[in-house]
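Take a look at the structure set out below.
The values are calculated or read from the model by the stated rules, or taken from the named source; none is laboratory data. No experiment lies behind these values; they were computed from the predicted model shown. In this analysis, Cβ positions are derived from the backbone assuming ideal geometry, glycine residues included, and neighbour counts consider all displayed protein chains.
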Amino acid sequence: MKPQAISISTYSKYSLQMFMALAMALAVLVLSTVQIRAAGAPVSFADLADQTQPAVVNITTSTMVASGTDNQPILPDGSPFEDFFRDFLDREGGGNGQGGNDGAPNRRRSQALGSGFVVSEDGFIVTNNHVIEGADEILIEFFDGSELPAVVVGTDPNTDIAVLKVEADMPLPFVQFGDSDVMRVGDWVLAVGNPLGQGFSVSAGIISARKRELSGTYDDFIQTDAAINRGNSGGPLFNMDGQVIGVNTAILSPNGGSIGIGFSMASNVVGRVVDQLREFGETRRGWLGVRIQDVSPDMAEAMGLESTAGALVTNVPNGPAADGGVLSGDLILSFDGRDVIDTGDLVRQVGNAPVGKAIRLTVLRDGQTQTLKVTLGRREDAVAAATEELAEEAAPEIQTVLGMELGKLTDEIRTELGLNPGDNGLVIVAVADGSQAAEKGLLAGDVITEAGQQKVETIAGLQERIAVARDGGRRSILLLVRRGGEPRFIALSLGQ
C-alpha cells in the first residue's frame with residue numbers, strides 16, 4: 001500500500017497551525033522570562049545602603065573586670081544536688097582571685113563591639129542585650145564618625161533586646177520597623193553592622209526560613225543567608241523598602257564565622273518590646289497562668305483529635321486562668337480570636353497581649369468546645385509576688401520509690417533547677433541503674449508534679465496514689481514530669 005499523498009493545500013494548513021502554536025509558545029516563554037526578571041535580584045543595593053547606613057551605629061562597651069576571679073556558681077552546703085550539678089555546670093575561671101601582695105584582685109578594662117540602629121530622631125537606639133550587658137561605659141559611633149556616650153533605657157533578656165539613649169545636638173537619621181509577618185522565604189534582605197570590628201559593612205541575602213526557635217520563650221527568628229558575623233549583633237536586617245524587619249542576634253557556625261546561617265529576631269516581636277522599654281523602662285507581658293505542652297500524634301489519636309493543633313493544659317496554678325475556669329486537661333484551641341498552633345504560638349500570643357485585657361479563650365473539654373473569659377495578669381508581677389511569698393523550707397527527706405530517690409522541692413533546689421517560685425512536686429535526686437525509670441529516660445533533676453492525674457507534693461502522697469492504682473488493678477501509673485520547665489507524661493510499671 002502506497003503512502004497517502006498530502007496535497008499542497010492540506011500541507012499549508014498544517015504548517016499554519018504549527019506556526020501559530022509555536023508563536024504562542026514563544027509568547028508565553030517571553031512573558032514568563034519578563035516576570036522572572038521582574039522578581040529577580042536588584043541591579044544594585046547601593047541606593048538601599050545609602051538610605052539605611054546613616055541610621056546604623058557601631059557600639060563599643062567597656063567593663064572593669066577582676067583578673068583571675070572565680071565566677072563559679074556556688075551550691076548550698078548539704079544540697080542533695082551538690083555532686084550532681086558539679087558534674088554538669090559549666091564552671092569557668094580559677095584561682096582565688098588574689099592579684100597582688102595586698103590581697104586585692106587585679107583589675108583590667110575589657111572592651112566589646114556590637115551594632116545597633118537609631119529608631120527616633122531624639123536618640124533612642126536598639127541593640128542586643130548581650131552587647132551591652134554588664135557594661136560600665138557605652139560609646140556610640142555614628143556613620144559620619146562622630147561619637148556619643150549612651151545610657152541604658154531598658155533591657156529584655158527574654159528577647160535579647162536593649163534600648164539605649166544618646167543626647168545629640170541635632171535630629172538624628174533613623175529607621176522604622178516594618179512588618180516581619182509579611183516577609184516570605186526567598187525575599188531579599190540587607191544586613192548592616194560592624195562585623196569583626198571592621199566598621200560599617202553591608203551584606204545582602206535572602207530569607208532562608210521563618211519562625212525559627214533557638215532557646216528563648218518568645219523566640220521568633222528569621223533565618224537568613226546574608227553574611228552575619230561577630231560584631232553584627234544588634235544590627236538591623238532591612239527589607240527592600242529600608243524598613244527593619246529583624247535584629248541580627250545569632251549565627252550557627254562551627255568556626256565563629258558566617259556560613260550562611262544567621263538569625264534575626266523578628267521586628268513584630270522587637271517592636272512591642274522596644275515600645276514598652278521606651279515607655280516604662282521594662283517589659284509588661286500578659287500572663288495567663290497555665291502550664292502547657294504540645295499535643296503529639298499519639299496523644300491526638302488517643303484523645304480522638306483530628307490534628308495536633310492547640311496547647312494542652314497540664315497544670316493551672318492560682319492566677320488568671322484558674323479564675324477564668326480553665327482546668328488541667330483542657331486543650332486551648334484559640335486565644336482572643338486567633339487559632340493556637342502549638343505551645344510556642346500560645347506563649348507568644350499571651351506575651352504580646354496587653355496586661356489587664358479580658359480575652360476569650362476557646363478550649364476543648366470532654367469532647368466539647370467551651371469559651372471562657374480570662375482577664376490577663378502581668379507575668380513580671382506574678383513572678384515577683386510568688387518570690388516574696390516563699391518561706392525557707394527544711395531540707396527534704398530522701399526516699400526511694402519505683403527505682404527513684406525522691407525528695408520534696410525546696411527554695412534552694414528550685415533555684416538550682418531554674419524553676420519558678422511556687423513550683424511544687426517531688427524532685428528526682430537519683431535514678432537506679434537498670435530500673436524502668438532509667439529506661440524511660442528519667443534523670444536526676446526531673447520534677448514529678450502529678451501521679452495518677454492527681455497533684456503530688458509529698459512522698460506519702462505519691463505512695464498513696466501508687467496504692468490506689470494497685471488497688472484498682474492497674475499495672476502502671478501515669479506521672480506528669482517536668483524537665484527544664486517542660487512537662488511530659490510518663491507511665492511507669494508498678495511491678496508485681
Next item on the list: Mind listing whichever residues of the range 270-284 are buried (at least 24 other Cβ atoms within 10 Å of the Cβ) and within 25 Å of Arg360 (Cα to Cα)?
Entry: Val273
Notebook entry, point to check: Any idea which residue in the range 197-238 is nearest to Ala49 (Cα to Cα), counting only those that are among the charged types (D, E, K, R) and not in a strand (DSSP E or B)?
Noted result: Asp225
Next item on the list: State which residue is modelled with the highest pLDDT when the search covers only the range 239-253 and only residues that are of a type in the set (S, T, N, Q) and either more than 15 Å from Ala266 (Cα to Cα) or part of a strand (DSSP E or B) (or both).
Entry: Asn248
Next item on the list: Look through the range 296-313, keep the residues that are touching an Asp or Glu at 6+ places or on another chain (Cβ under 8 Å) and closer than 20 Å to Glu450 by Cα, and return whichever of them is surrounded by the most Cβ atoms within 10 Å (Cβ to Cβ).
Entry: Ala311
Checklist line | the range 107-130 residues that are closer than 15 Å to Val273 by Cβ, paired with ones that are in a loop (DSSP other than H, G, I, E, B) and polar (S, T, N, Q) (beta carbon under 7 Å, 6 or more apart) | finding: Asn128/Ser233; His130/Ser233
Note to self: List the residue pairs whose Cβ atoms are under 7 Å apart, where the first residue sits in the range 176-203 and is assigned by TED's automatic domain parsing to the domain that holds Asp144, the second is assigned to a strand (DSSP E or B) and of a type in the set (Lys, Arg), and the two are 6 or more positions apart or on different chains.
What the structure shows: Val185/Arg210
Notebook entry, point to check: Taking the stated definitions as given, is Arg291 among the charged types (D, E, K, R) and surrounded by 23 or more Cβ atoms within 10 Å (Cβ to Cβ)?
Noted result: no
Note to self: Return the residues of the range 115-163 that are in a helix (DSSP H, G or I) and within 19 Å of the chain's Cα centre (by Cα); say none if nothing qualifies.
What the structure shows: Asn129, His130, Val131
Check: Residues in the range 189-210 that are surrounded by fewer than 18 Cβ atoms within 10 Å (Cβ to Cβ) and either of a type in the set (Ser, Thr, Tyr) or modelled with pLDDT of 85 or more (or both): how many?
Finding: 3
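A quick yes/no check of all residues on (1) among the charged types (D, E, K, R); (2) surrounded by fewer than 18 Cβ atoms within 10 Å (Cβ to Cβ); (3) modelled with pLDDT under 90:
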| position | (1), (2), (3) |
| --- | --- |
| Asn318 | no, yes, yes |
| Asp330 | yes, no, no |
| Arg360 | yes, yes, no |
| Val383 | no, yes, yes |
Check: Looking at Arg470, Arg482, which is the one that is exposed (fewer than 15 other Cβ atoms within 10 Å of the Cβ), outside any loop (DSSP other than H, G, I, E, B), outside the structural domain of Leu312 (by TED's automatic domain parsing) and touching a strand residue (DSSP E or B) at 6+ places or on another chain (Cβ under 9 Å)?
Finding: Arg470
Check: Taking the range 437-458, which residues are assigned to a helix (DSSP H, G or I) and either surrounded by fewer than 19 Cβ atoms within 10 Å (Cβ to Cβ) or without any contact (Cβ under 8 Å) to a residue 24 or more places away in the chain (or both)?
Finding: Ala438, Glu439
Checklist line | Flag if Thr308 is polar (S, T, N, Q) and assigned to a strand (DSSP E or B) | finding: no
Next item on the list: Just give me the residues in the range 230-262 being in contact with a strand residue (DSSP E or B) (Cβ under 7 Å, 6 or more places away or on another chain) and surrounded by fewer than 24 Cβ atoms within 10 Å (Cβ to Cβ), in sequence order.
Entry: Gly231, Asn239, Met240, Gln243, Ala250, Ile251, Ser258, Ile261
